[in-house]
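**Q** I have a structure here, written as structure tokens, and I will follow up with some questions on it.
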Amino acid sequence: MFPVSNDYISKMQSEIQTHKLTGTIGSVTFTGEDVIGVSWTAKCTDKKVNVGGVFVGVLKLTFLRDILERGEYKDKKITLSDSLLTGFDANDNPVWEPVPIGEFYVSDATWRAEGMIDIVAYDCISKTDKTLEITTSNGSVYQWSKFIELKTGAVFGMTEEECEALPNGTEILTPYAFNKMGTYRDLMNALAQMVGGFAYAAKDGTWKFRTFGDTSLLTIQKNRRFKGAKYSDFTTLYDAVSFTRARDGVQLVCGSARGVTMDLGENPFLQYGGARQVWDRAEAIVNAILPMRYIPFDVSLLPAFVCLDLGDVISFATDYADETTKGAIMDVTWSYNKSFTVRCYGDNPDIYKVESQAKKNLSGISKQVSQNNITYYIYSNTQAYTFGNDVEVEIANLRFTSTEETTVEINHEFIFDMTADLSHSIQYEVRYYLDDELVEYTPYEKLGTGGIQGLLSGSTDFSITRDFFYVLKDVAPNFTHSWKVRIYTKGITSTTIDVDHCHVTLKGQKLYGADEFDGFLEFEDSVHLFDIGGVGMLSMEDSVTFSESPAESNYILTENGDELTTENGDNLIW
């Protein structure tokens, strides 16, 4: 709910309201006297409820006159606010309290014969309908979201701490390389599924994630609604999720499945990891949807209720509703000075139980790799790296396999921002590691004395872009290979590689994702030489032990072959 004053909350429930519309298009302001037919629609799920919703909000209005020159409307930003008259001050001047509707970008402007201009504009989510330029990388929900902002211009409105508080918010997520994500909105959808919620355009023009709650923040009485309100006679129950294992099309189910199971499809972030790790991530999504005990509704409210947001839980009293009639807002339609319609969707768990048993046993068609297909495996970094002198830093880590022995071409592009004293010779090396073994070929470059000093003379802060090519021959099949790239600098004070400034592309025939994740655990430690009372350090040993900790779950799990089951034998996942 957009934060409003107590005066607003009191007045928005009054049967008599006075509104004032204000807005801008580009740098030009307008008011309600300049427009007619102003409406806004937005939603976070379809009528078939699911998590991961990423929908574009739509603003429609008609200008009564030319606000801009013809041809200037395309892509112009529109800001819009609806102000409510909450009272009068000591001097009897009206007090208006605005609630922003949002920020939108003009997609279409149509001139009518009578001189009016019909406008269709979309919110910032529309900016993410751009082709996704990578197939894999790794990062947290926050890092992936900032990457989307960087590549699309759609500003992300949450802090790292807010993201870490979300389900799976602290996980480092790596998408399955051969996924179906084609746009940045598809990537947002996959991330929204992982947090068990949805992504939406906030009223401040940014986009955010939100999960569904169970606590009502407002109870709406009968006389605050228009006639025609509809309420379902069942309460929803979502207690399981299903998703498809991409490598073989098998459908997996996590949760008790006594109510309705939400289908996540082929989520690319639920493909890699051991059975325990995948289970924990899926269970976090299940726990996020358990509070959704809602009664679906379709209700038209007074227009000042536009301060409510998607995901807000509200309840109703009297008429056909009682104190238990509550649900989250999943769909809104606002018409200026007319109404604000809210809808909550849901599935009847009793009907679903009859239909769902057969669906849980379905399996997809296994994917096959054509011998003649050329596959591109594209990596880009979602976090920045900053490192100093005389240190080796890993900037890329890819894993791949092939169905047959093959040759892989690898292209690298790096953008370095460096600080160095170019009066001395400085150098950086690019070190490749195949399956953790250093490759003999090590490209390097000298800068400054003996290098390309003439191009950089007089500069201590500079940026360079470099491309490197390497060919892997006779790549062994049916084995998960790792390709790591590390940078070593000498004589350079500081080096920075920003987000999306490290690109690696693997190209080859018969490349495919790993048949099954084999539980890689990587540790790194470094100890500098030191003296103890004049005695130098001769040797040091270190060891790491690992054991799988017991699951913290509502279920008692036992391992049966390649499956995890509950105590009563119900299959869960993997």
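The values are calculated or read from the model by the stated rules, or taken from the named source; none is laboratory data. The shown structure was predicted, so the numbers you read here are calculated from the model rather than taken from an experiment. As a convention, Cβ positions derive from the backbone with ideal geometry for all residues, glycine included, and neighbour counts pool all protein chains shown.
**Q** Name the residue that is nearest to residue 485 (Cα to Cα), counting only residues in the range 374-419 that are among the charged types (D, E, K, R) and part of a strand (DSSP E or B).
**A** So the first thing to find is which residues in the range 374-419 are among the charged types (D, E, K, R), and the list is 390, 392, 394, 399, 404-405, 409, 413, 417.
Right, trim to part of a strand (DSSP E or B) and you get 392, 394, 399, 409, 413, 417.
Numbers: 392: 10, 394: 6, 399: 12, 409: 15, 413: 11, 417: 17 Å.
Of everything passing the filter in the range 374-419, 394 is nearest to residue 485 (Cα to Cα).
**Q** Out of all the residues in the range 124-132, is one or more assigned to a strand (DSSP E or B) and either of a type in the set (Gly, Ala, Ser) or over 16 Å from residue 80 (Cα atoms) (or both)? Before you say what the answer is, go through the steps one by one.
**A** Keep residues of the range 124-132 that are assigned to a strand (DSSP E or B), which gives 131.
From the residues that got through so far, the ones that are either of a type in the set (Gly, Ala, Ser) or over 16 Å from residue 80 (Cα atoms) (or both) too are 131.
Taking every residue of the range 124-132 in turn, at least one turns out to be assigned to a strand (DSSP E or B) and either of a type in the set (Gly, Ala, Ser) or over 16 Å from residue 80 (Cα atoms) (or both).
**Q** Return yes when residue 262 is buried (at least 21 other Cβ atoms within 10 Å of the Cβ) and in a strand (DSSP E or B) and no when it is not.
**A** Working: buried (at least 21 other Cβ atoms within 10 Å of the Cβ): yes; in a strand (DSSP E or B): yes.
Yes, satisfied.
**Q** Just name the residue that is farthest from the chain's Cα centre (by Cα) out of those in the range 198-213 that are more than 14 Å from residue 100 (Cβ to Cβ) and of a type in the set (A, V, I, L, M, F, W, C).
**A** 212
**Q** Mind counting the residues in the range 238-258 that are at pLDDT 90 or above and either of a type in the set (Val, Ile, Thr) or part of a loop (DSSP other than H, G, I, E, B) (or both)?
**A** Residues that pass the stated criteria total 1.
**Q** Turning to a different aspect of this structure: Go over the candidates 287, 267 one by one and state the one that is farther than 30 Å from residue 59 by Cβ and surrounded by 22 or more Cβ atoms within 10 Å (Cβ to Cβ).
**A** Working: 287 fails: surrounded by 22 or more Cβ atoms within 10 Å (Cβ to Cβ).
Being farther than 30 Å from residue 59 by Cβ and surrounded by 22 or more Cβ atoms within 10 Å (Cβ to Cβ) holds for just one of 287, 267, which is 267.
**Q** If the Cβ limit is 6 Å and pairs must be 6+ apart or interchain, which residue in the range 5-33 that is touching a residue at least 40 places away in the same chain (Cβ under 8 Å) pairs with which residue that is surrounded by 12 or more Cβ atoms within 10 Å (Cβ to Cβ) and part of a loop (DSSP other than H, G, I, E, B)?
**A** Within 6 Å, the pairs are 19/337; 21/336; 25/67; 25/76; 26/76; 28/67.
**Q** Answer yes if at least one residue in the range 358-371 is surrounded by 17 or more Cβ atoms within 10 Å (Cβ to Cβ), at pLDDT below 95 and under 30 Å from residue 194 (Cβ atoms), and no otherwise.
**A** No: the range 358-371 contains no residue that is surrounded by 17 or more Cβ atoms within 10 Å (Cβ to Cβ), at pLDDT below 95 and under 30 Å from residue 194 (Cβ atoms).
**Q** Regarding the range 7-29, can at least one residue be identified that is part of a helix (DSSP H, G or I), of a type in the set (A, V, I, L, M, F, W, C) and under 25 Å from residue 331 (Cβ atoms)?
**A** yes
**Q** From 148, 172, grab the single residue that is closer than 25 Å to residue 394 by Cβ, touching a residue at least 12 places away in the same chain (Cβ under 8 Å) and crowded, with 23+ Cβ neighbours inside 10 Å.
**A** Step by step, each of 148, 172 is checked, and only 148 is closer than 25 Å to residue 394 by Cβ, touching a residue at least 12 places away in the same chain (Cβ under 8 Å) and crowded, with 23+ Cβ neighbours inside 10 Å.
**Q** For residues that are of a type in the set (S, T, N, Q) and either buried (at least 20 other Cβ atoms within 10 Å of the Cβ) or closer than 20 Å to residue 397 by Cβ (or both), tally how many sit in the range 151-169. First the steps, then the outcome.
**A** At the first step, the residues of the range 151-169 found to be of a type in the set (S, T, N, Q) are 152, 159, 168.
Filter once more, keeping what is either buried (at least 20 other Cβ atoms within 10 Å of the Cβ) or closer than 20 Å to residue 397 by Cβ (or both): 152, 168.
Selection size over the range 151-169: 2.
**Q** Let me ask something additional. I'm checking my understanding of the structure. Among residues of the range 439-467 that are under 36 Å from the mean Cα position of the chain (by Cα) and of a type in the set (Asp, Glu), which one is modelled with the highest pLDDT?
**A** 467
**Q** Would you mention how many residues in the range 30-54 are part of a loop (DSSP other than H, G, I, E, B), buried (at least 17 other Cβ atoms within 10 Å of the Cβ) and not hydrophobic (A, V, I, L, M, F, W, C)?
**A** Here is the first cut: in the range 30-54, the residues part of a loop (DSSP other than H, G, I, E, B) are 44-52.
Right, trim to buried (at least 17 other Cβ atoms within 10 Å of the Cβ) and you get 44-45, 49-52.
Subset that is not hydrophobic (A, V, I, L, M, F, W, C): 45, 50, 52.
Total satisfying the criteria: 3.
**Q** Just to be sure I understand, how many residues within the range 89-132 are crowded, with 16+ Cβ neighbours inside 10 Å, over 30 Å from residue 10 (Cα atoms) and of a type in the set (A, V, I, L, M, F, W, C)?
**A** 9
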